[in-house]
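Please read the structure below before turning to the comments.
Bear in mind that the values in this text are calculations on the coordinates, not laboratory data. Nothing here was measured: the structure is a model prediction, and the numbers come from that model. Glycine gets a Cβ as well: all are built from the backbone with ideal geometry, and neighbour counts include every protein chain shown.
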Amino acid sequence: MSVGQQPASGARSTPRMLTSVPWIVVMLGVGLLAGLLVFALFSARPRESGAVPATLDPPIYLPAVGVETTGSAAPSSAAPLVEDTPSPTASSPRPTRSAAASVAAPAVSTPAEPRTGTVTAGYQATAVERDWFEARLTVTNGSARSESWEVRLFFTGNVKSVQAFSASGVSVSTQGSGVFVLRGAGPLPSGGSAVVSMRFTRTGTGDRPGRCTVNGADCVIG
């Protein structure tokens, strides 16, 4: 009798065990969800080996100051950069030769010389005694044509008289006290000279005139 009732008790023990341990079912469900989540993450992640590298942006070239650039083309490596120099404007004029020559060298004074192209004369005392003295007068025609000449000697009143001689001819006259006028006998040719020898009488001292002129211009007194 006892042997015939054992299967019924064993069939009731299985559902009792399942209901007594419900946490096993919960653990199985959680594990299944976790596995699905991990699979979904790995499948959505892109493969690194198959990733295509992003293309690099083209380089940006900044235009140099003073150099004109067209478009976005890069400057050629063969063409050197030339820096533009500002052109002079009205507010900043370029210095000129006249401005640079404003600082002139100091003028050097030179002794006066007889003018060329005109009649000139030179007076020089040659011998001196107590009552008389001798002198020589040289007249030169520097013009391009024949010229007449007239020399005036201005002495003080102590010079009384004069005697003159010249190979080309000369005449002498007096105009007041101590003023003697000498004239050539004829015109001097261009480039020609006349030498006049003179002997003066005097009282006192002095053998040079205060002034000498030839055709109205001053002559040289030596």
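Summary table below
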read-out	value
Odd one out for Glu147 among (1) surrounded by 14 or more Cβ atoms within 10 Å (Cβ to Cβ); (2) under 15 Å from Gly122 (Cα atoms); (3) within 60 Å of the chain's Cα centre (by Cα)	(2)
Test set (1) within 27 Å of Pro187 (Cβ to Cβ); (2) in contact with a Ser or Thr (Cβ under 8 Å, 6 or more places away or on another chain); (3) among the charged types (D, E, K, R) - Glu150 fails condition number	(2)
Qualifying residues in region 197-222 (those that are in a loop (DSSP other than H, G, I, E, B), of a type outside the set (S, T, N, Q) and in contact (Cβ under 8 Å) with a residue 40 or more places away in the chain) - the one farthest from Gln175 (Cα to Cα)	Gly222
Selection within region 150-171 - of a type in the set (Gly, Ala, Ser), under 17 Å from Ala194 (Cα atoms) and surrounded by fewer than 17 Cβ atoms within 10 Å (Cβ to Cβ)	Ala167, Ser168, Gly169, Ser171
